[in-house]
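Every read-out reported here was derived from the displayed coordinates using simple, explicitly stated rules and does not represent laboratory data. In this text the structure is predicted, and so the values were computed from the model without any measurement. Glycine also receives a Cβ, built like all others from the backbone with ideal geometry; neighbour counts cover every protein chain displayed.
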Amino acid sequence: MAGGCAGGRGKVRVRDVLAAKGSRRLVMVTAYDYPSALAVDRAGVDMILVGDSLGMVVLGYESTLQVTLDDMTRHTAAVARARPCALVVADMPFMSYEPSVSKAVESAGALARAGAEAVKLEGGSEYADRVRAIVNAGVPVVGHIGLTPQRVHRLSGYRRQGKTEGEVRRLVEDARALEEAGAFAIVIEYTKADAARAVTESVGVPTICIGSGPHCDGQVLVLHDLIGFSEFTPPFAKRYADVMGVVTRAVAEYAREVREGLFPGPGHYK
């Protein structure tokens with residue numbers, strides 16, 4: 001199991017995230033299993049998101065729509081076993097909360113039992129009743145507005161949001177509704193930077209951007225995009241490493257040594 005917190009920090013709680021508003025920038029990154037949770041937590045991130053993006057970067061699906069609640073609970077449990085100091089937030093997958101308030105509470109409870117310390121759900125004011133019920137049941141909630149990948153068909157594709165005054169006004173209204181319902185943070189995905197700024201300035205809870213510019217209270221990226229371990233990197237992500245290249249070269253070297261009779265060598269057997 002994981003040891004102490006990186007840099008001598010303490011366990012990150014919801015109250016710490018709330019207290020960061022206006023004082024420091026929050027760092028969130030995805031992780032989907034035990035070793036990736038260990039790695040990102042040792043790097044000192046504030047929050048680990050067990051994202052339904054695992055559908056594409058781990059399970060090979062074309063979108064997040066195929067991800068099930070069983071998938072999310074399994075991967076959340078793996079991340080939680082690392083006992084990270086970062087706050088563990090789990091995505092609520094497609095159709096785990098939309099059908100009814102009771103379904104939403106049950107799904108959030110399943111993720112909490114798996115080890116999630118908070119859940120994230122996509123949508124604005126239309127799901128405020130779900131947010132309120134989940135919070136009342138004892139599970140903290142992160143909202144998610146802007147580009148909502150689970151509604152990609154309704155949005156006619158992965159298009160940048162918040163490009164008109166009307167869209168910005170709706171984003172602000174949605175953010176305020178989520179805050180009023182009890183969300184302690186709000187992810188803003190793939191909007192115009194000015195739209196994200198307007199939302200950030202209109203709510204008292206931290207906002208966390210992904211592809212929405214520098215004006216939020218924090219940033220989140222998909223780990224596989226960040227480390228170069230995915231087939232496609234979105235234009236708003238920055239690659240900080242080439243892990244795909246490192247792994248490919250290592251395995252190729254192993255394959256060469258096996259074929260040439262160099263591995264295992266004398267030090268690898270008795």
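Label-to-label distance for Glu201 and Ala43 is 3.1 nm, based on points extended 7 Å past Cα in the beta-carbon direction. Between Val89, Val79, Val247, the residue with the greatest mean-square fluctuation in the GNM of the chain (Cα pairs under 10 Å linked by springs) is Val247.
Here the Gaussian network model covers the chain, with springs between Cα atoms less than 10 Å apart; of Arg154, Arg197, Arg24, Arg154 fluctuates the most. Inter-label distance, Arg160 to Ser102: 4.5 nm, where each label sits 7 Å from its Cα along the C-beta direction.
With N as its number of residues, the chain has a Cα radius of gyration that, divided by 2.2 N^0.38 Å, comes to 1.07. What the Cβ-Cβ distance of Asn136 and Leu65 gives, at R0 = 35 Å and to the nearest 0.05, is a FRET efficiency of 0.80.
Against the longest principal axis of the chain, how steep is helix 243-259, in degrees 0 to 90 to the nearest 10, with axes from Cα atoms? It works out to around 20 degrees.
Binning the alpha carbon pair distances of region 113-270 at 10 angstrom intervals from zero yields the distribution 11, 30, 26, 14, 8, 8, 3, 0, expressed in whole percent.
Among Lys103, Lys11, rank each residue by its count of other Cβ atoms within 10 Å, from fewest to most, as a rough exposure measure.
Lowest to highest Cβ neighbour count: Lys11, Lys103.
For a straight C-alpha distance cut-off of 30 angstrom, the lysines reachable from Lys192 (same-chain residues fewer than eight places away being disregarded) are Lys21, Lys120, Lys163, Lys238.
Full extension of the chain between Met95 and Arg259 gives 54.2 nm of extra length, using 0.36 nm per residue less the Cα-Cα distance.
Taken about its Cα centre, region 63-116 carries a charge dipole of roughly 260 debye when the Cβ of each Lys and Arg holds +1 and the Cβ of each Asp and Glu holds -1. Positive-end ranking of Leu147, Ser202, Ile188 along the dipole of region 141-231, with charges on Cβ about the Cα centre, is headed by Leu147.
The overall shape of region 195-261 is prolate: from the C-alpha gyration tensor, with semi-axes ordered a ≥ b ≥ c, the ratio a/c is 1.5 or greater and a/b exceeds b/c. Summarising the label geometry, the points placed 7 Å from Cα in the beta-carbon direction at Ala241 and Glu126 lie 3.9 nm from one another.
I'm a student and want to see the number: the projected area of the Cα convex hull of region 1-121, averaged over all directions, in nm².
Over all viewing directions, region 1-121 projects a mean Cα-hull area of 7.7 nm².
With contributions of -39500 (n - 2.57) from each DSSP H run of at least four residues, the per-residue ellipticity at 222 nm computed over the chain stands at -11000 deg cm²/dmol. Rounded to the nearest 20, the Cβ-based charge dipole of the chain about its Cα centre (Lys and Arg +1, Asp and Glu -1) stands at 560 debye.
Give the range of the longest stretch in the chain that excludes all chymotrypsin sites (Phe, Trp or Tyr not before Pro) found in loop regions by DSSP and having at most 11 other beta-carbon atoms within 10 Å.
1-231
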